[in-house]
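Participant: If you scroll down you'll find the structure; I have some questions about it.
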Amino acid sequence: MKNLIRAELLKLRTTRLFYGLAAAALAFAAINVISAMSTAGKSGGAPALSTGEGVRNVMSAGSSGTIIVLIIGILIMAAEFRHSTVTSTFLVSPKRGRVVSAKIVASVLVGAGIAIVAAALTLAISVPWLASKHIHVHILSHNVGVVLLGGIAAMTIYAAVGVGLGSLIRNQTAAVFVALAWVLVVESLLGGFVPEVGKWIPGGAAAALTGEANRAASNGLLPMWAGALLLVGYGVLFAVGGTRFTMRRDVS
Amino acid sequence: MTSIQINGLTKRFGNVVAVDNLSFEVAQGSITGFLGPNGAGKTTTLRMLLGLITPTAGSSTITGKPYQELVDPFRHVGAVLESTSFHPGRRARDHLRVLCIAAGLPVTRADEVLDEVGLTDVGDRRVKGFSLGMRQRLGLAAALLGEPEVLILDEPANGLDPEGVHWLRKFLRTYADQGRSVLVSSHLLAEMAQTVDDVVIIAKGRFVTQSSLADLADRTKPGVWVRTPQAEALRDALTAKGIAAELTTSETVMALETTTETVGIVAAGAGVVIFEMTSKHFDLEEYFLELTASTTDPITKGALR
């Protein structure tokens, strides 16, 4: 099992797309943190930076690369089918459940790794910026640490959801399209207009986990612990579903 | 010793029966050609043997166990299935290293097998720049990583230039001469005739015949086919005259390496009535085509195996 996980990590490290996506996830974090700070306190914008809410809103922007991590998770599985490399993968390890488990573990490690770097980047950008406005924050003030940890957890779980999604949808392009459409269209519509449904979908759970200040204030998200449990539930659901589907599937 | 055993394998895709109750064995230390026209079910059979496709019925073993139950399968079986199964953006050596790690083999094996197949110089290139022939060699390199005792290749000559085919033949021969087994599929008998010891022929998903290549060549000798109500009497009369003859059905006789004149004279001497008689002449390729077109042996009609 340890060998299979190492092999999955090496697979990622030996393609350029992975580095591109990881860089994109970090760029997303940086851009969103900067934009959250620039718009804070303006009319129609997020709460002012001088408030605890405002600071938390900036920190939660650090996990905005979640969608990219989801795509990395999808690629870990779907790229194997796209390039038929799944044939040699299953020849090395004919016990397919172990292959999918190794992929889920690898995706969780990679997702957590990217999320931790994104959190560090968020602090590196926001702390000096805020200090220049005489707002002094550190990891323990205003629940900053909790928000950052929540973001790391959300990104990590999304990576595992991606592996499940990549197993369930055979076509890589279709899987990525479905993920993007879901997150960018369906979730934002549900979250914005039908919050009583929106808080129960994965995006709502992730928002609760990262303490996205805007939505927490106006729409009523689930409590943080419930969001965490719900998101873990989605992760397990997709991982188990993907594994079961992959077990039965003919590879030709 | 048997290295591959296939027992009644059947695979249905919807209403299509791709492989129909197929059984055969491959002996250790030989090169066996697995032959049949395109669509005969060769690839499906090999993929079932390797645990990639779940059979509708039947079972198969390699070195005594179903593939899924082999501990460290790469150390027992190497398989080259299709030339496109590489990530185009990954370097050749990295592709092999990934497999080494997953199989629990030392990563130095990657360099060793690159050398074995003559790809050392391009090991650091991304696979998307590889020709079909180079991909076939890389696939073979991957199959050799665990130094397996059984090698399975699906249409390995596809896309190879004549020099590549020659290289592959020599390679497989050396491999089998070390007491290891090779099962290699092809839709061309001619391509395999210089390489294989034995052949298994299938068509339309069904077993047609299995024999040594030498025996198969014997069956293609010119002969005379006779339909007669006294088949046994004719066979005995021909045999008494030193002419090789076999009953192919209860009403037909195949006499080998003789002429219609000779058979006619022998029949007259024995008082045998002849309804129909024709001389047969096959070359190996024609014979293969007839075999796979009718799915039953045109000479022996399956009576001899």
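Please treat every number below as a calculation from the coordinates, not as lab data. Just so it is clear, the model here is predicted, and its values are computed rather than measured. Don't worry about glycine lacking a Cβ; one is built from the backbone with ideal geometry, like all the others, and counts go over all protein chains shown.
Participant: Relative contact order for region A:2-248 using alpha-carbon pairs under 8 Å, separation at least 6, rounded to a whole percent? Mind dumping the intermediate values first?
Facilitator: On the way: 386 pairs, mean separation 62.1, N = 247.
Once normalised by length, the contact order is 25 percent.
Participant: Nearest 20 debye, what's the magnitude of the dipole of the protein assembly as shown about its Cα centre given +1 on Lys and Arg Cβ and -1 on Asp and Glu Cβ?
Facilitator: Approximately 2420 debye in magnitude.
Participant: For a test of the definition: using alpha carbon positions, the gyration tensor, and the 1.5 limit on a/c, classify region A:53-106 as rounded, prolate or oblate. Write out the running numbers ahead of the final one.
Facilitator: On the way: a/c = 7.13, a/b = 2.92, b/c = 2.44.
Prolate.
Participant: I'd like the FRET efficiency for A:His134 and A:Thr51, computed as 1/(1 + (r/R0)^6) with the beta carbon distance as r and R0 of 22 Å, rounded to 0.05. Kindly include the intermediate steps, with their values, before the conclusion.
Facilitator: Numbers: r = 14 Å, r/R0 = 0.64.
Rounded to the nearest 0.05, the efficiency is 0.95.
Participant: If R0 is 25 Å, what FRET efficiency do you get for A:Glu196 and A:Val236 from their C-beta distance, rounded to 0.05?
Facilitator: Details: r = 24 Å, r/R0 = 0.96.
Here the calculated transfer efficiency is 0.55.
Participant: May I ask you to derive the relative contact order of chain B, considering only C-alpha pairs under 8 Å and at least 6 residues apart, and to give it as an integer percent?
Facilitator: Values: 612 pairs, mean separation 60.1, N = 305.
Relative contact order here is 20 percent.
Participant: Can you give the direction-averaged projected area of the convex hull of the alpha-carbon atoms in region A:67-134, in nm²?
Facilitator: On the way: hull surface 22.0 nm².
Computing the convex hull of the Cα atoms and averaging its projections yields 5.5 nm².
Participant: Over 33 Å apart: what share of the alpha carbon pairs of chain A falls there, rounded to a whole percent?
Facilitator: Values: 6646 of 31626 pairs.
Summing the P(r) of chain A above 33 Å gives 21 percent of all pairs.
Participant: Another question about this same structure. If the convex hull of the alpha-carbon atoms of region B:1-125 is projected onto planes in all directions, what is the mean projected area in square nanometres? Can you show the working numbers first?
Facilitator: Details: hull surface 37.2 nm².
Its average projected convex-hull area is 9.3 nm².
Participant: Then there is this: Starting with the fewest neighbours, write out A:Leu184, B:Leu247, B:Leu99 ranked by other beta-carbon atoms found within 10 Å of each beta-carbon. Don't jump to the answer; show the numbers that get you there.
Facilitator: Numbers: A:Leu184 12, B:Leu247 16, B:Leu99 27.
The fewest-first ordering by Cβ neighbours comes to A:Leu184, B:Leu247, B:Leu99.
Participant: Bin width 20 Å, origin at 0, all Cα-Cα pairs of the protein assembly as shown: what percent of pairs per bin?
Facilitator: Cα pair-distance distribution for the protein assembly as shown, in percent: 19, 37, 24, 13, 5, 1, 0.
Participant: Sort out for me the Cα centre separation of region A:28-78 from region B:125-167, rounded to whole Å.
Facilitator: The distance from the Cα centre of region A:28-78 to that of region B:125-167 comes to 49 Å.
Participant: Also, quick follow-up: Averaged over its residues, how many other protein chain Cβ atoms are within 10 Å of peptide A:91-104's Cβ atoms?
Facilitator: Numbers: counts 17, 14, 6, 9, 4, 3, 0, 0, 1, 0, 0, 1, 0, 0.
Mean inter-chain Cβ contacts per residue within 10 Å come to 4.
Participant: With all distinct Cα pairs included, what does the Kirkwood hydrodynamic radius of region B:71-207 come out to in Å, to one decimal, could you say?
Facilitator: Working: mean 1/r = 0.0649 Å⁻¹.
Every distinct Cα pair counted, the radius reaches 15.4 Å.
Participant: Rank these for me by crowding, B:Lys65, B:Lys280, A:Lys11, A:Lys42, going from fewest to most other beta carbons within 10 Å. Provide the component values of the computation, followed by the final result.
Facilitator: Numbers: B:Lys65 13, B:Lys280 17, A:Lys11 26, A:Lys42 9.
With the sparsest Cβ surroundings first, the list reads A:Lys42, B:Lys65, B:Lys280, A:Lys11.
Participant: Still on this structure, please answer the following. Please work out how many pairs of lysine residues in region A:2-248 are eight or more positions apart (or on different chains) and have Cα atoms closer than 18 angstrom. Intermediate values should be presented prior to the final figure.
Facilitator: Numbers: A:Lys2/A:Lys11; A:Lys2/A:Lys95; A:Lys2/A:Lys103; A:Lys11/A:Lys103; A:Lys42/A:Lys133; A:Lys95/A:Lys103.
Summing the qualifying lysine pairs gives 6.
Participant: Another question about this same structure. Relative to the longest principal axis of the C-alpha atoms of chain B, give the angle of the C-alpha long axis of helix B:284-294, reported between 0 and 90° and rounded to the nearest 10°.
Facilitator: On a 0 to 90 degree scale, this one is about 80.
Participant: Taking the Kirkwood radius as the inverse of the mean 1/r across Cα pairs, report the Rg/Rh of chain B.
Facilitator: Details: Rg = 23.0 Å, Rh = 21.2 Å.
We get a ratio of 1.08 for chain B.
Participant: Here's a follow-up. I need A:Ser167, B:Ser212, B:Ser3 ordered by Cβ neighbour count within 10 Å, fewest first. Walk me through the intermediate numbers first.
Facilitator: On the way: A:Ser167 28, B:Ser212 14, B:Ser3 24.
Starting with the residue having the fewest Cβ neighbours, the order is B:Ser212, B:Ser3, A:Ser167.
Participant: Can you give the Rg to Rh ratio for region B:221-281, taking only C-alpha atoms and Rh from Kirkwood?
Facilitator: Values: Rg = 9.6 Å, Rh = 10.8 Å.
We get a ratio of 0.89 for region B:221-281.
Participant: Taking chain A as a Gaussian network, where each spring joins two C-alpha atoms under 10 Å apart, which residue of A:Val108, A:Val183, A:Val197 fluctuates the most?
Facilitator: A:Val197
Participant: Turning to a different aspect of this structure: With a 10 Å cut-off between alpha carbons and a GNM built on chain B, which of B:Leu140, B:Leu70, B:Leu50 moves the most?
Facilitator: Between B:Leu140, B:Leu70, B:Leu50, it is B:Leu70 that shows the largest mean-square fluctuation.
Participant: Gaussian network model of chain B, Cα springs within a sub-10 Å range: biggest mean-square fluctuation belongs to which of B:Glu290, B:Glu149, B:Glu276?
Facilitator: So, out of B:Glu290, B:Glu149, B:Glu276, the one fluctuating most is B:Glu276.
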